[in-house]
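See structure below.
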Amino acid sequence: MKRLLALILLCQAPFVAANDTTSNEILHWQDNSLSYLYGDNFKVNPQTQQTITYEHASGWNIGDLFMFVDFTKYNGEEDFLNGETTYYGEFAPRFSFSKMLDKPVEMGFVKDVLIATTVEFGEGDVESFLIGAGVDLAIPGFDFFQLNMYKRFPDGRDGDTWQITPVWKMSWPVGESKIVFDGFIDWVVDSDGSYEKNFHFNPQLKYDLGKQVGMRESALYVGIEYDYWKNKYGIKSSSGFNTDQSVTNLLVKYHF
């Protein structure tokens, strides 16, 4: 745990230092949101769950930052490890070579190359540190597309694995509003013996309801989040213990 906390502080240091200077020069943009999700048929943990998620995304003069924390309530039963509620989060700064060198690092559809890091934290044996490389890609039809490859280092146990994580956003105008399709994939491509390779596909399909209810554009979304996770938590699925999850959550998301 001490090693994990040190890694979190190391990742935070450039962004904390940035806040001590003029924000107009250091912080280029930011977005914060709260989401409510309700779903049924989860695996490993209790079947029915409600989740409040805080998300933060921002662009800085040295890279970008994404972080989230899920606060989950289990409906009707307790989890065998975490009780009635739990939390899980990720802190994921990336460091842009284009920004740090103050000149474009791009070629063709590759628009930037980055050092990608992530700290995973929460209740239970979930702490891990990830480090690797990322690229920002210019793909027609996408608002943005990121592709990150990490080496995963679990906290408190031996073994490491490789993970590939694409992140994307697409949007289409619908009348005076729009539909947004965004999400991520976490694909752990190998096993360390105790942590099975797994595939987590987590997209959201949302309608921008902001203007229709007297709010600003992109302030309020409604839709669904689909959660498919093969070998959830790196636990190999079997006939005796099914860990292959497929859940559709109802979603309400507010940006502030």
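Residues that are of a type outside the set (S, T, N, Q) and either under 30 Å from Met215 (Cα atoms) or modelled with pLDDT of 95 or more (or both) do not occur anywhere in region 77-86.
Return yes or no: is Gly63 over 24 Å from Gly234 (Cβ atoms) and either touching a residue at least 40 places away in the same chain (Cβ under 8 Å) or touching a helix residue (DSSP H, G or I) at 6+ places or on another chain (Cβ under 7 Å) (or both)? Yes. The set of residues from region 172-216 being of a type in the set (Asp, Glu), farther than 23 Å from Ile235 by Cα and modelled with pLDDT of 95 or more comprises Asp182, Asp208. Among the residues making up region 56-107, a single one is of a type in the set (Phe, Trp, Tyr), over 24 Å from Leu130 (Cα atoms) and under 23 Å from the mean Cα position of the chain (by Cα): Tyr74.
Residues that are at pLDDT 95 or above, within 30 Å of Phe153 (Cα to Cα) and among the aliphatic types (A, V, I, L, M) do occur in region 237-256, at least one of them.
For region 222-239, indicate whether the set of residues that are basic (Lys, Arg), touching a residue at least 40 places away in the same chain (Cβ under 8 Å) and assigned to a strand (DSSP E or B) is non-empty. No, region 222-239 has no match at all.
Under the condition of being of a type in the set (Ser, Thr, Tyr) and more than 20 Å from the chain's Cα centre (by Cα), which residue from region 232-256 is least open to solvent (accessible area, probe 1.4 Å)? Step by step, filter region 232-256, then rank; the result is Thr243.
Selection over region 135-156 of residues that are assigned to a strand (DSSP E or B) and β-branched (Val, Ile, Thr) gives a count of 1. The residues on offer are Thr48, Thr21, and the sole one that is of a type in the set (Ser, Thr, Tyr) and modelled with pLDDT of 95 or more is Thr48. Restricting attention to region 113-122, the residues that are in contact with a helix residue (DSSP H, G or I) (Cβ under 6 Å, 6 or more places away or on another chain), open to solvent by 20 Å² or more (accessible area, probe 1.4 Å) and in contact (Cβ under 8 Å) with a residue 24 or more places away in the chain total 0. If we scan region 188-204, do we find a residue that is without any contact (Cβ under 8 Å) to a residue 40 or more places away in the chain, among the acidic types (Asp, Glu) and either closer than 22 Å to Glu55 by Cα or out of contact with any helix residue (DSSP H, G or I) (no Cβ under 9 Å at 6 or more places or on another chain) (or both)? Yes, region 188-204 contains a residue that is without any contact (Cβ under 8 Å) to a residue 40 or more places away in the chain, among the acidic types (Asp, Glu) and either closer than 22 Å to Glu55 by Cα or out of contact with any helix residue (DSSP H, G or I) (no Cβ under 9 Å at 6 or more places or on another chain) (or both).
The values are calculated or read from the model by the stated rules, or taken from the named source; none is laboratory data. Quantities reported herein were computed from a predicted structural model and do not represent experimental measurements. A quick note on method: Cβ atoms are made from the backbone with ideal geometry, for glycine too, and the neighbour counts reach across all protein chains shown. With ligands, DNA and RNA removed, areas are computed over all heavy atoms of the protein, side chains included. Shrake-Rupley method; radii C 1.70, N 1.55, O 1.52, S 1.80 Å.
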